[in-house]
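Encoded as structure tokens, the structure appears first; notes follow it.
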């Protein structure tokens with residue numbers, strides 16, 4: 001159960017790219033991490049997509065987005081299946097060109113030449129995002145922010161660019177209420193809380209405890225108003 005009581009500020013779509021994600025070869029940890037970080041910066045993630053290493057699929061995924069920001073990860077290496085640059089360029093309707101700043105970084109810092117300079121190709125007008133951990137630079141074009149799929153590299157690139165999308169006025173705070181009662185027994189209380197605290201988003205999440213037999217419920221409360229959030233938490237704890 002989840003109500004969406006809060007009017008959102010800026011929103012975002014996350015697109016993770018890689019055949020390995022679709023095959024289940026690796027877990028999609030980037031979406032989990034990005035969603036939490038964007039939430040903490042006042043940006044609400046409204047959609048998460050995973051697409052394969054296919055130029056047209058990447059392009060179509062981008063064209064389907066109507067978010068304020070789109071965060072793309074994966075496919076920025078120099079190998080044959082790294083086609084994110086081409087897909088993003090097609091998706092935003094811009095030509096792919098050799099970015100001089102990115103080329104300078106790759107040649108001067110890493111001594112790269114030849115086919116490896118493919119990593120400097122970006123849609124025309126892109127802003128380079130430096131990679132403090134790995135080799136492949138990211139880039140921002142229009143409202144699309146593109147970063148490598150390696151989790152450590154993506155995380156290292158996030159904070160330096162956060163000021164470009166952070167919304168301090170939209171940052172929300174959260175509280176949790178735990179109950180031993182099963183979800184079907186607390187529906188009336190939850191529904192009353194939703195009606196009473198219209199400035200609070202309330203979500204209930206059942207989970208199985210360590211014994212594998214007992215269910216409990218976590219109730220998450222989210223709001224931009226700390227006082228209202230505290231009142232809602234107190235009301236729920238007393239009502240449960």
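Please treat every number below as a calculation from the coordinates, not as lab data. Source: prediction; values computed, not measured.
Some points to look at:
- Sorted from greatest to least, the principal axis extents spanned by the alpha carbons of the chain come out as 67, 40, 31 Å.
- Residue of 38, 187, 22 that the Gaussian network model of the chain assigns the largest fluctuation, springs spanning Cα pairs under 10 Å: 187
- Three-way shape label, region 131-220, alpha-carbon gyration tensor, a/c 1.5: oblate
- Whether region 95-160 is rounded, prolate or oblate, judged on the alpha carbon gyration tensor where a/c under 1.5 counts as rounded: oblate
- Extension gain, residue 57 to residue 101: 0.36 nm times the residue separation minus the Cα-Cα distance gives 13.0 nm.
- Residues considered: 114, 91, 74. Largest GNM mean-square fluctuation over the chain, using C-alpha springs under 10 Å, is found at 114.
- For region 12-76: rounded, prolate or oblate by the Cα gyration tensor [a/c cutoff 1.5]: oblate
- Length-normalised contact order for the chain - Cα pairs under 8 Å, 6+ apart - percent: 20 percent
- Of 185, 175, 86, the residue with the greatest mean-square motion in the GNM of the chain, using alpha carbon springs below 10 Å, is 185.
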